[in-house]
């Protein structure tokens, strides 16, 4: 990896960390960039990205706790269910051929554009609910979210926000405080699977981790407000471009 590519990866990490904590989708930037800038094969990029996401979420958890959001117990109840699914998803990711993984990633990135470009749900930000609805359904749902997250981390935040806020009825701030706990929980066994199979490259992982940790700290302290519209557009363009690159269109 050249010094310029390392700097670009660090900057991409800052942006991804900020976006991940506030909503999700940062890995749609970092996984392709680990392949493009870092020259990593698909499985290694998938595993390496998880180091950065895990540390970023641990940083964000600490910052949320400083602001009074101490939801470890509730987050771990759902996180344990997601952990079981993540182990299954991680083994699937290791076994899938690289060409198929690139195709699947590009398709998921295109589908994610619908969520990225969708106007923010202001009613969720006004909702002050702290009681999670349908707890049994949530546990089942998070097992399958864990399978997806174990397979490919990108976009998991959107699924968690939908489950906790739309189905569960929680406020957006409460949802985000739980989201980072759940993701951190299931990433532990998932990362162990990738490390055990030699699919984590530590130099690009550390560069990306430095960027996402900084972005995660800022993201947990500041919600996206007036800049939301333009951030969505820029993120959408970046996702579209890298999806085309993953599909081999250029």
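Bear in mind these aren't lab numbers, they're just calculated from the coordinates by the rules spelled out. None of these values were measured; they are calculated from a predicted model. Cβ atoms come from the backbone with ideal geometry, glycine included; neighbour counts cover every protein chain shown.
A few points about this structure:
- The stretch 136-225 - Rg and Dmax from Cα coordinates, angstrom: 14.5, 41
- Counting beta carbons within 10 Å around each of 172, 105, 208, 132 and listing the fewest first gives the order 132, 172, 105, 208.
- Order of 212, 30 under a 10 Å beta carbon neighbour criterion, fewest first: 30, 212
- Between residue 162 and residue 196, the FRET efficiency estimated from the beta carbon spacing at R0 = 35 angstrom works out to 0.65.
- Highest-first packing order for the peptide set 137-147, 94-104, 51-61 is 51-61, 137-147, 94-104, based on the mean count of other beta carbon atoms within 10 Å.
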